[in-house]
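The values are calculated or read from the model by the stated rules, or taken from the named source; none is laboratory data. Just so it is clear, the model here is predicted, and its values are computed rather than measured. Cβ placement follows ideal geometry from the backbone for every residue including glycine, while neighbour counts extend to all protein chains displayed. These area figures cover heavy atoms from the full protein model, side chains too; ligands, DNA and RNA do not enter into them. Shrake-Rupley method; radii C 1.70, N 1.55, O 1.52, S 1.80 Å.
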Amino acid sequence: MAREEHLLSMEIVNRGISDEGSQTFSVRVRRRLPDFLQSVNLKYVKLGYHYLIKHGIYLAILPVLVLVFSAEVGSLSREELWRKVWDSTTGYDLATVLSFVALFVFTISLYIMSKPRPIYLLDFACYKPNDDLKVTKEQFIELARNSGKFDVSGLEFQKRILKSSGIGDETYVPKSIGSSENTATMKEGRFEASTVMFGALDELFEKTKIRPKDVGVLVVNCSIFNPTPSLSAMIINHYKMRGNILSFNLGGMGCSAGIIALDLARDMLQANPNNYAIVVSGEMVAYNWYPGKERSMLIPNCFFRMGCSALLLSNRRRDYHRAKYSLEHIVRTHKASNDRAFRCIYQEEDSQRYKGLKISKDLVEVGGDALKTNITTLGPLVLPLSEQLFFFGNLVWRNLFGNKNAKTNNNNNNSQQANSIKPYIPDYKLAFEHFCVYAASKTVLDELQRNLELSEENMEASRATLHRFGNTSSSSIWYELAYLEAKEKIRRGDRVWQIAFGSGFKCNSAVWKAIRRVKKPSTNPWLGCVDRYPESLTQ
């Protein structure tokens with residue numbers, strides 16, 4: 001009986017005025033229908049539907065082909081069958097056969113040459129700072145207090161933000177933020193840039209055994225710190241790269257610039273065959289340190305931490321067997337035409353002339369709109385046909401009957417029926433095995449998980465990265481992929497979705513496919529601490 005209590009509903013009905021002049025009521029108990037969406041049987045029905053749609057063309061054509069072939073061949077004896085095959089092949093002269101073969105080879109060659117060159121990710125590296133730069137949340141507040149740049153209310157505000165940020169006690173910051181002097185100097189910026197970028201690149205060259213002079217394309221992205229000469233020139237000078245290298249330096253493009261840099265590197269590799277490309281993504285924490293009192297500009301201080309990633313791409317077909325991943329899709333969404341989205345994350349000076357990033361309260365709403373546009377564009381490229389039919393059917397149903405139901409609900413004041421036709425959110429878990437969602441903050445991750453209906457396991461890499469390394473800006477999605485590799489979760493054929501957000505406002509996605517099973521790497525920023533996750537996320 002206890003199992004069925006949740007299926008019973010009680011309704012109090014007003015019977016009106018009795019003969020004695022008093023109000024009369026009656027209680028009506030009804031049995032509700034069970035929640036079919038939670039039914040195990042419906043789960044298997046949906047799985048069967050997906051399988052039917054995915055393999056429907058084969059299930060429909062194969063029986064027909066078998067019947068036709070059986071009808072044609074079954075009526076012939078073995079001698080008649082061989083005679084028919086011989087007669088059909090000897091009717092052509094040598095010139096006709098050679099012409100057909102030449103045309104076939106030419107068509108195949110033209111098709112292969114017209115296809116875009118595959119882009120392979122040979123390997124990547126994420127910089128892990130020295131332990132002397134590691135700080136707890138309490139030590140972070142103590143550094144801010146020792147700098148003498150913040151009043152009591154500013155320190156308390158940062159302390160509250162950190163408490164609910166999802167950031168742990170092992171993130172890395174430059175020690176200069178505890179200095180009473182100005183940290184946003186070229187000297188400090190160049191020192192931090194050389195530390196994180198060269199650290200990531202040294203590890204990358206060691207892992208791939210590629211010489212710096214073999215690299216033909218270099219793309220560097222850093223949003224805030226943009227010195228002259230550029231960061232890309234700094235790398236070329238340090239590693240003495242070749243003089244005809246195609247170098248690019250992307251600035252001011254926010255936390256999703258890593259995928260923009262990847263898109264640019266892909267285009268350069270498509271135009272320049274037999275080449276290697278390196279993409280370096282990072283942000284300089286000390287140079288972006290805000291010493292003022294504006295609370296909306298203090299938020300980046302609490303989240304951004306030291307980090308940098310470097311990845312090696314190749315368009316050489318012979319590198320297929322040594323590569324880890326192949327690049328499948330890149331989808332970019334830009335919302336800067338909307339004024340509210342444009343000013344959502346805005347660099348400016350406060351009333352004291354201190355420079356910093358101002359975070360608008362509209363961030364979550366603007367980000368949700370950009371995400372909706374991005375996944376709508378990405379969906380047809382990655383979702384199985386079954387999910388696309390579900391989405392299209394729901395869209396048509398809501399357009400045809402949504403307004404009608406809304407009028408009925410207004411007349412009946414029935415709020416439950418008003419929500420009966422909800423937008424169908426495609427199940428992206430059918431398209432991807434792994435998710436690397438930009439680890440901006442706990443609030444952003446919670447909203448993305450809710451909107452995309454992802455499980456805790458799907459969000460594990462993002463939450464672990466936020467807890468262990470904090471928000472490392474455009475390199476965060478690579479620390480997340482490094483986490484998946486350290487956990488040995490990547491299998492051959494697995495698809496990985498990297499999605500990031502940034503000022504502008506932008507939302508960008510990259511889709512990778514694992515070429516082989518990725519074993520636990522010998523060098524990885526998670527070695528030594530990965531076994532503590534995900535249990536430590538709840539602490």
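Here are some notes:
- Scanning the stretch 206-245 for residues that are touching a residue at least 24 places away in the same chain (Cβ under 8 Å), farther than 30 Å from Y290 by Cβ, of a type in the set (A, V, I, L, M, F, W, C) and surrounded by fewer than 23 Cβ atoms within 10 Å (Cβ to Cβ) returns I210, M241, I245.
- Look at (1) over 28 Å from Q449 (Cβ atoms); (2) among the aliphatic types (A, V, I, L, M); (3) surrounded by fewer than 21 Cβ atoms within 10 Å (Cβ to Cβ) and you find that V364 fails only one, number (1).
- The criterion of being out of contact with any strand residue (DSSP E or B) (no Cβ under 9 Å at 6 or more places or on another chain) and within 27 Å of K137 (Cα to Cα) does not hold for A500.
Each row is one residue, and each column tells you yes or no for (1) more than 21 Å from Y120 (Cβ to Cβ); (2) of a type outside the set (G, A, S).
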{"site": "N451", "(1), (2)": "yes, yes"}
{"site": "R468", "(1), (2)": "yes, yes"}
{"site": "S473", "(1), (2)": "yes, no"}
{"site": "I490", "(1), (2)": "no, yes"}
{"site": "G502", "(1), (2)": "yes, no"}
{"site": "W512", "(1), (2)": "no, yes"}
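- Test: E457 is more than 14 Å from the chain's Cα centre (by Cα), outside any helix (DSSP H, G or I) and either in contact (Cβ under 8 Å) with a residue 60 or more places away in the chain or on the phi > 0 side of the Ramachandran plot (or both): no
- Hits in the stretch 104-150 (condition: hydroxyl-bearing (S, T, Y) and in a helix (DSSP H, G or I)): T107, S109, Y111, S114, S147
- Of all residues in the stretch 525-539 being within 14 Å of E457 (Cα to Cα) and part of a loop (DSSP other than H, G, I, E, B), the one that is modelled with the highest pLDDT: Y533
- Residues of the stretch 342-362 classified as in contact with a Cys (Cβ under 7 Å, 6 or more places away or on another chain) and touching a residue at least 24 places away in the same chain (Cβ under 8 Å), total: 1
- Of the residues making up the stretch 327-349, just one is open to solvent by 40 Å² or more (accessible area, probe 1.4 Å), of a type in the set (S, T, N, Q) and in a strand (DSSP E or B), namely Q347.
- Scanning the stretch 191-205 for residues that are surrounded by 20 or more Cβ atoms within 10 Å (Cβ to Cβ) and charged (D, E, K, R), we see that the one that is nearest to R316 (Cα to Cα) is E203.
- Selected residue (only one of R517, R492, R463, R468 is in contact (Cβ under 8 Å) with a residue 40 or more places away in the chain and open to solvent by 10 Å² or more (accessible area, probe 1.4 Å)): R463
- Test result for W497, of a type outside the set (G, A, S), part of a strand (DSSP E or B) and surrounded by 24 or more Cβ atoms within 10 Å (Cβ to Cβ): yes
- The criterion of being within 28 Å of the chain's Cα centre (by Cα) and either touching a residue at least 12 places away in the same chain (Cβ under 8 Å) or surrounded by fewer than 17 Cβ atoms within 10 Å (Cβ to Cβ) (or both) does not hold for E188.
- The residues of the stretch 267-286 that are touching a Pro at 6+ places or on another chain (Cβ under 9 Å) and surrounded by fewer than 24 Cβ atoms within 10 Å (Cβ to Cβ), listed by number, are Q270, A286.
- Per-region count, the stretch 426-457, residues exposed (fewer than 15 other Cβ atoms within 10 Å of the Cβ) and of a type in the set (V, I, T): 1
- Reported count of residues in the stretch 174-184, each being of a type in the set (S, T, Y) and either without any contact (Cβ under 8 Å) to a residue 24 or more places away in the chain or not in a loop (DSSP other than H, G, I, E, B) (or both), is 1.
- Within the stretch 151-173, tally of residues that are within 18 Å of L466 (Cα to Cα) and in a loop (DSSP other than H, G, I, E, B): 8
- Members of the stretch 111-161 that are within 22 Å of R266 (Cα to Cα) and of a type in the set (A, V, I, L, M): I112, M113, I119, L121, L122, A125
Each row is one residue, and each column tells you yes or no for (1) in contact with a strand residue (DSSP E or B) (Cβ under 6 Å, 6 or more places away or on another chain); (2) among the acidic types (D, E); (3) not in a helix (DSSP H, G or I).
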site	(1), (2), (3)
L445	no, no, no
L466	no, no, no
I477	yes, no, no
S522	no, no, yes
